[in-house]
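Please treat every number below as a calculation from the coordinates, not as lab data. Worth saying up front: this structure is predicted, and the values here are computed from it rather than measured. With ideal geometry, Cβ positions are generated from the backbone for all residues, glycine too; neighbour counts draw on all protein chains shown.
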Amino acid sequence: MTTKPTNPFFRPSTLPYELPPFADIREEHYLPAFERGMAEQLAEAEAIAQSAEPPTYRNTIVALERSGALLRRVANVFFNQASSDTNEAVQAVEAEISPRLAAHEDAIHLNAALYGRVSALYESREGLGLDAESLRLLERYHTRFERAGARLPIEGQRRLRELNAEIATASTAFEQNLFADTNAAALVLDSADELAGLSADAIAAAAENGRVLGHDGKYVLSLNNFSNQFELGSLDNREVRKRLLDASLGRGLAGNGELAGRLARLRAERAALLGYDSHAAYVVADQTAKTTEAVTAMLSRLVPPAVANAEREAAALKAVSGTGEIAAHDWAYYSEKVRKAEYDIDAAVMRPYFELDRVLKDGVFFAAGQVYGLSFTERPDLTAYHPDVRVFEVGNADGSPLGLFLGDFYARASKRRGAWMDSLVDQSALLGQRPVVVNNLNIAKPASGEPTLLTFTEVNTLFHEFGHALHGLFSEVTHPFFSGTKVPRDFVEYPSQVNEMWAVWPDVLANYAKHHETGEPMPADLVARMEAADRFGQGFRTVEYLAAALLDWAWHTIPAGTDPGDAEAFEAAALKRAGLAVPAIPPRYRSTYFAHVFAHGYSAGYYSYIWSEVLDADTVEWFKERGGMRRENGDVFRRELLSKGGSTDSLAAFAAFRGRAPEIGPLLARRGLG
Ligand SMILES: [Zn+2]
C-alpha cells in the first residue's frame with residue numbers, strides 16, 4: 001500500500017521565492033486545491049464577519065488581506081497554465097471553476113455582516129490613525145464591496161449572482177472556442193513554392209510546424225492573435241495571402257458572435273443593476289479615465305488624422321503596386337515594398353541581427369542593468385512548468401535579491417496567442433513574499449539546431465512584456481491588494497510601453513543587434529532607416545488599433561435591454577459610425593476573436609493602450625531631457641512610479657514623478673497625428 005502524496009498546493013512552497021513546486025504539481029491537484037482554498041477563505045471571511053469584537057482595521061481589513069492564501073497559490077499557477085500550456089483536462093477544470101470562483105467572490109462581497117464592518121470602518125476612517133497606504137486600502141475595500149453590489153437589495157443581489165456566473169461561463173466558452181478555432185484555422189500548404197517570399201528559415205519553421213502538428217511533409221502557418229498575420233508582408237503569392245487573411249478574419253464566427261452579443265447584453269444588465277448607464281460607464285468610473293465622455297473624446301479626436309495618415313500610406317502602396325486598388329491582404333505586402341523602395345529596409349535582411357538569446361541578455365537585461373542596476377542569473381536548477389521556460393534570479397545593484405523572472409518565449413499548440421505577463425507570487429511585505437513573474441510570448445520555434453531569429457515587432461514585444469515584469473518585480477508595497485501591476489487597467493500599459501524605448505536606444509541596440517553568424521553589428525544607417533520606415537506604418541497601425549478600441553467601446557456602451565443582434569452586422573455598423581470603415585484595414589481584432597474584451601478582463605478597456613501611451617510618450621521625453629539611459633533616471637522612475645503598485649493614486653504618482661499632469665503632445669508627434 002502506498003500513501004497518497006499530499007496536494008502540493010496545501011502548503012506554502014519551500015522553494016526559493018516560494019516558486020510553485022512545478023515538479024510535483026499534477027492536473028488532478030487543481031480542483032481539490034480550488035475547493036479547499038475557497039472553503040478556507042469563506043470560513044476566514046465568515047469568522048471576520050461574525051467576530052464578537054468591534055471592527056478594527058486590523059481584525060477586518062488586514063484579516064481579509066491575509067485570507068485566501070491557498071486559493072491564491074492555486075489560482076496563480078492554474079490560470080498561468082490555462083493560458084500557456086493548456087489541455088483538455090485543464091480546460092475542463094477551467095470551465096467548471098470559472099462560475100464557481102465568480103460565486104465565491106460574490107459570497108464574500110455580498111456578505112452583509114462583512115460589508116457592515118467594512119462600511120463602519122470606512123465611515124470612521126479619518127479617526128483611525130492610519131498611514132496613507134492603509135487608509136487607501138480601506139477606501140479601496142469599501143469601493144470594491146460597493147461596486148460588487150453590497151448595497152443592493154436581496155432581489156438585486158440574487159440576479160447579480162446569476163449574471164456573474166453566466167458571464168464567467170460565457171467568457172470561458174469564448175476563450176476555449178477561440179483557442180480551438182485558432183489552432184484549426186492554421187493554413188496548411190502542400191508545397192514550399194506557395195511560401196515564396198518567406199525566408200529560408202521561416203519556410204523550415206513552417207515545415208517543422210507541419211511535422212509537430214501531424215501534417216508531415218506539409219507546411220503549416222499557425223495564426224497569431226492579430227487580424228494581420230506576420231507572413232502577409234512577405235508572401236509573394238496573392239492567393240495564399242488571401243487565404244491566410246481569410247482564415248484569420250474568420251476565426252470564431254461559429255459560436256463566438258453569439259457569445260459576444262450575450263456577454264455585452266449580460267454586462268449591460270449588470271451595470272444597470274449597479275446604477276450605471278452602461279458597462280463602459282461602470283468600468284471607467286474606477287479607472288483613471290473616470291467617464292465614458294473622456295474616453296470617447298480622446299478616441300474620436302484621433303480618428304480623422306489617423307485615417308488621413310492611412311490614406312496617404314494607401315496612395316504610396318498603390319503607386320508601388322502599380323494597381324488602382326489595395327485589398328486588405330495586399331496592405332502589408334506592399335508596405336514592405338515601400339519600405340524597401342523608400343528606406344531600403346528588408347525585414348528578411350534584419351532578422352539575422354535579432355537572435356533571441358542575444359536580444360534577451362544583451363538587449364532587455366542589458367538595458368535593465370544600465371537603467372536600474374539589475375543583474376540576472378539563470379537558475380537551471382529551478383524547475384518551471386514547461387521545459388521551454390527559463391528561470392532567472394534577479395538581483396539589485398547592491399547585490400540584494402529582488403525576485404524571479406520566468407521567460408516562456410516559444411509558441412506551442414497548447415498556448416494561447418499573443419504576449420502577456422503573469423504573476424506567480426505577488427510581492428507584499430504583509431505576507432513576506434517577493435515577486436515571481438512570468439513573460440509569455442509566441443515566437444515560432446525554429447527547426448532544431450537553428451537559431452531563433454526575431455522580427456523587430458517581436459523584439460519590441462520582448463521589451464514591452466519585460467516592462468510589465470519590472471512593474472511586478474519592483475513592487476514595494478505592504479498589501480497584496482496593491483502589488484505590482486494591480487493598478488487601473490488604463491494605467492497598466494504605461495510602464496510596459498515605456499520599456500519599449502530601450503529597444504531602439506542607440507547604446508542598447510548597438511549592444512544586442514549583432515549578426516548571429518558573423519557577430520557584425522547592425523549597420524548604423526540601417527538603424528536610422530529602420531526608424532524612418534517604422535514611421536511609415538503609423539497610419540495603418542493607429543487605424544487598426546482605433547478600430548478595435550472603438551469596437552470594444554460600441555459593444556460595451558449599449559444600454560441594458562438592447563439586443564445587439566448579429567455580431568458581424570453590429571461590428572460593421574459600429575465601425576461605420578466611428579468613421580473607421582476602412583475596408584483595406586481590418587480592426588486589429590474582430591469581435592469573434594477579441595479575447596482581450598470577451599475573455600481576458602479588458603472589456604471597455606481596449607482604449608487603455610493609447611490612453612497609457614500618452615503617459616508613455618511624455619515619460620520618454622522626460623528621460624531624454626535628462627540624458628536618457630542613466631541610473632539616476634531609472635532610480636527616480638522606479639522609486640516614484642514602478643515601486644508603488646496600486647498603493648497610491650496612479651495619476652498622482654505620475655504627477656509626482658513628472659512634476660506636472662500628462663501632456664498629449666509627444667504622443668501626437670510620435671504617431672504623426674499632430
Ligand atoms: Zn502590455
What does the charge dipole of the chain about its Cα centre add up to, to the nearest 20 debye, if the Cβ of each Lys and Arg holds +1 and the Cβ of each Asp and Glu holds -1? 940 debye
Helix axis angle, 608-625 relative to the chain longest principal axis, alpha carbon, degrees: 80 degrees
Using only Cα atoms, locate the centre of the stretch 108-129 and the centre of the stretch 603-636, then give the distance between them in Å, rounded to an integer. 37 Å
Counting only helical runs of four or more DSSP H residues, what would the 222 nm mean residue ellipticity of the chain come to if each run contributes -39,500 (n - 2.57) and the total is spread over all its residues? -17000 deg cm²/dmol
At R0 = 41 Å the Cβ-Cβ FRET efficiency linking THR56 and ALA661, nearest 0.05, sits at 0.65
Crossing angle, helix 489-499 versus the chain [Cα axis fit, 0-90 degrees, rounded to tens]: 50 degrees
Expressed in whole Å with the largest first, what are the equivalent ellipsoid semi-axes of the stretch 285-414 derived from the C-alpha gyration tensor as the square root of 5 times each eigenvalue? 40, 26, 16
For labels at ALA196 and LYS624 in the simple 7 Å Cα→Cβ model, what's the distance in nm? 4.3 nm
What angle do you read, to the nearest 10 degrees and between 0 and 90, between the alpha-carbon axis of helix 238-249 and the longest principal axis of the chain? 10 degrees
Net lengthening on full extension, GLU28/ALA652 (0.36 nm per residue, minus Cα-Cα): 220.1 nm
Once SER321 and ILE154 are pulled to full extension, the length gained, defined as 0.36 nm per residue separation minus their Cα-Cα distance, is 53.6 nm
Furthest towards positive pole of dipole, MET629, LEU19, TYR141, structure part the chain, Cβ charges: TYR141
Describe numerically, in nm with one decimal, the distance between label points set 7 Å from Cα along Cα→Cβ at THR457 and at ARG144. 3.7 nm
Whole-Å distance, taken between Cα centres, linking the stretch 411-436 and the stretch 183-227: 30 Å
Efficiency by 1/(1 + (r/R0)^6): what FRET value for ASP525 and THR377, r their Cβ-Cβ distance, R0 = 35 Å, to the nearest 0.05? 0.45
Going 7 Å from the Cα of ALA103 toward and past its Cβ, which residues in the stretch 4-46 have a backbone nitrogen under 20 Å from where you end up? 30-46
Considering only GLY672, ALA413, THR182, whose Cα is most displaced toward the positive end of the charge dipole of the chain, charges sitting on Cβ of Lys, Arg (+1) and Asp, Glu (-1)? GLY672
State which entries of LYS318/LYS576; LYS361/LYS445; LYS514/LYS644; LYS242/LYS340 exceed 25 angstrom in Cα-Cα distance in the structure shown. LYS514/LYS644
Rounded to the nearest angstrom and ordered from largest down, what semi-axes does the equivalent ellipsoid of the chain get from its C-alpha gyration tensor (root of 5λ)? 39, 29, 27
Over the chain, what is the percentage of antiparallel beta bridges among all DSSP beta bridges, to the nearest 5? 75 percent
Want the number for GLU35 to GLU568: 0.36 nm per residue separation, take away the alpha-carbon distance, what's left? 187.9 nm
